[in-house]
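Read the structure below first, then the notes.
The values are calculated or read from the model by the stated rules, or taken from the named source; none is laboratory data. Worth saying up front: this structure is predicted, and the values here are computed from it rather than measured. Every residue, glycine among them, receives a Cβ derived from its backbone with ideal geometry; neighbour counts consider all protein chains shown.
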Amino acid sequence: MSVPTAVHQAVRERANGRCEYCHSPEWVCAARFTLDHLLPRSLGGTDVPHNLALACRRCNERRYNFMTGIDPDTRQEISLFDPIRQEWGEHFVWTSDG
(Lines give C-alpha, C1' and ligand atoms only; values in the text may rest on other atoms or scores of the structure.)
Protein backbone atom coordinates (compact mmCIF):
# COMPACT_ATOMS: atom_id res chain seq x y z
CA MET A 1 0.00 0.00 0.00
CA SER A 2 1.57 3.27 -1.06
CA VAL A 3 0.95 6.78 0.26
CA PRO A 4 -1.28 8.84 -2.07
CA THR A 5 0.71 11.21 -4.30
CA ALA A 6 -1.03 14.33 -2.95
CA VAL A 7 -0.18 13.39 0.66
CA HIS A 8 3.41 12.56 -0.28
CA GLN A 9 3.77 15.95 -1.99
CA ALA A 10 2.22 17.80 0.97
CA VAL A 11 4.70 16.21 3.39
CA ARG A 12 7.62 16.92 1.03
CA GLU A 13 6.58 20.61 0.79
CA ARG A 14 6.15 20.91 4.56
CA ALA A 15 9.68 19.56 5.04
CA ASN A 16 11.12 22.07 2.58
CA GLY A 17 13.50 19.48 1.12
CA ARG A 18 15.05 18.51 4.46
CA CYS A 19 14.95 15.41 6.60
CA GLU A 20 12.51 16.27 9.37
CA TYR A 21 14.66 14.39 11.90
CA CYS A 22 18.24 15.54 11.25
CA HIS A 23 17.55 18.52 8.95
CA SER A 24 19.97 17.31 6.27
CA PRO A 25 19.05 18.73 2.86
CA GLU A 26 17.90 16.16 0.33
CA TRP A 27 20.02 17.66 -2.45
CA VAL A 28 23.26 16.52 -0.74
CA CYS A 29 22.17 12.89 -0.42
CA ALA A 30 22.57 10.21 -3.05
CA ALA A 31 19.11 8.75 -2.45
CA ARG A 32 15.77 10.54 -2.52
CA PHE A 33 14.19 10.88 0.93
CA THR A 34 11.30 8.64 1.92
CA LEU A 35 8.27 8.99 4.15
CA ASP A 36 8.46 7.65 7.68
CA HIS A 37 5.35 6.80 9.67
CA LEU A 38 5.61 8.37 13.14
CA LEU A 39 3.17 5.77 14.40
CA PRO A 40 4.20 2.80 12.24
CA ARG A 41 1.59 1.05 10.12
CA SER A 42 2.47 -2.14 12.01
CA LEU A 43 1.20 -0.42 15.18
CA GLY A 44 -1.93 1.08 13.60
CA GLY A 45 -0.51 4.23 11.99
CA THR A 46 -2.13 5.73 8.91
CA ASP A 47 -1.03 7.69 5.84
CA VAL A 48 -2.28 11.09 7.02
CA PRO A 49 0.22 13.99 6.77
CA HIS A 50 0.52 14.52 10.55
CA ASN A 51 1.65 10.87 10.88
CA LEU A 52 4.31 11.16 8.17
CA ALA A 53 7.77 12.72 8.18
CA LEU A 54 10.17 13.19 5.29
CA ALA A 55 13.26 11.22 6.29
CA CYS A 56 16.72 10.55 4.97
CA ARG A 57 17.64 6.88 4.67
CA ARG A 58 19.84 6.93 7.77
CA CYS A 59 17.17 8.43 10.04
CA ASN A 60 14.41 6.24 8.64
CA GLU A 61 16.41 3.04 9.07
CA ARG A 62 17.58 3.93 12.58
CA ARG A 63 14.07 4.77 13.75
CA TYR A 64 12.60 1.63 12.15
CA ASN A 65 9.31 1.04 14.00
CA PHE A 66 10.51 2.18 17.44
CA MET A 67 8.34 4.59 19.39
CA THR A 68 10.54 4.90 22.49
CA GLY A 69 14.15 4.70 23.56
CA ILE A 70 16.18 4.64 26.75
CA ASP A 71 17.51 8.01 27.91
CA PRO A 72 21.25 7.45 28.53
CA ASP A 73 21.28 9.90 31.45
CA THR A 74 18.15 8.87 33.36
CA ARG A 75 17.90 5.26 32.08
CA GLN A 76 14.16 5.85 31.69
CA GLU A 77 12.11 4.93 28.63
CA ILE A 78 11.06 8.05 26.73
CA SER A 79 9.24 8.81 23.49
CA LEU A 80 11.41 9.40 20.44
CA PHE A 81 11.51 12.85 18.86
CA ASP A 82 8.36 13.71 16.89
CA PRO A 83 9.27 16.24 14.19
CA ILE A 84 5.63 17.19 13.61
CA ARG A 85 4.65 17.97 17.20
CA GLN A 86 7.97 18.99 18.76
CA GLU A 87 10.49 21.77 18.07
CA TRP A 88 13.79 20.48 16.67
CA GLY A 89 15.85 23.21 18.37
CA GLU A 90 14.57 22.18 21.81
CA HIS A 91 16.09 18.71 21.38
CA PHE A 92 19.13 19.06 19.10
CA VAL A 93 21.93 21.40 18.12
CA TRP A 94 24.40 21.36 15.20
CA THR A 95 28.03 21.53 16.28
CA SER A 96 31.34 21.55 14.42
CA ASP A 97 32.71 18.82 16.70
CA GLY A 98 33.70 15.80 14.64
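List of remarks:
- Candidates Glu61, Glu20, Glu13, filtered to the one that is at pLDDT 90 or above, under 13 Å from the mean Cα position of the chain (by Cα) and not aliphatic (A, V, I, L, M): Glu20
- For the stretch 60-77, the criterion of being surrounded by fewer than 16 Cβ atoms within 10 Å (Cβ to Cβ), out of contact with any helix residue (DSSP H, G or I) (no Cβ under 6 Å at 6 or more places or on another chain) and closer than 16 Å to Ala15 by Cα is met by none of the residues.
- Candidates in the stretch 1-50 are the residues that are out of contact with any strand residue (DSSP E or B) (no Cβ under 6 Å at 6 or more places or on another chain), assigned to a helix (DSSP H, G or I) and among the small types (Gly, Ala, Ser); of these, the one that is nearest to His91 (Cα to Cα) is Ala10.
- In the set Thr68, Thr34, Thr46, only one residue is β-branched (Val, Ile, Thr), under 21 Å from Thr5 (Cβ atoms) and within 14 Å of the chain's Cα centre (by Cα); that residue is Thr34.
- Hits in the stretch 63-81 - residues which are in contact with a strand residue (DSSP E or B) (Cβ under 8 Å, 6 or more places away or on another chain) and within 15 Å of Glu20 (Cα to Cα): Arg63, Leu80
- Strands (runs of 3 or more DSSP E) lying entirely in the stretch 51-98 (those with 1 or more residues that are without any contact (Cβ under 8 Å) to a residue 24 or more places away in the chain): 68-70, 77-79
- Verdict on Val11 being in contact (Cβ under 8 Å) with a residue 12 or more places away in the chain, among the β-branched types (Val, Ile, Thr) and more than 19 Å from Glu61 (Cβ to Cβ): no
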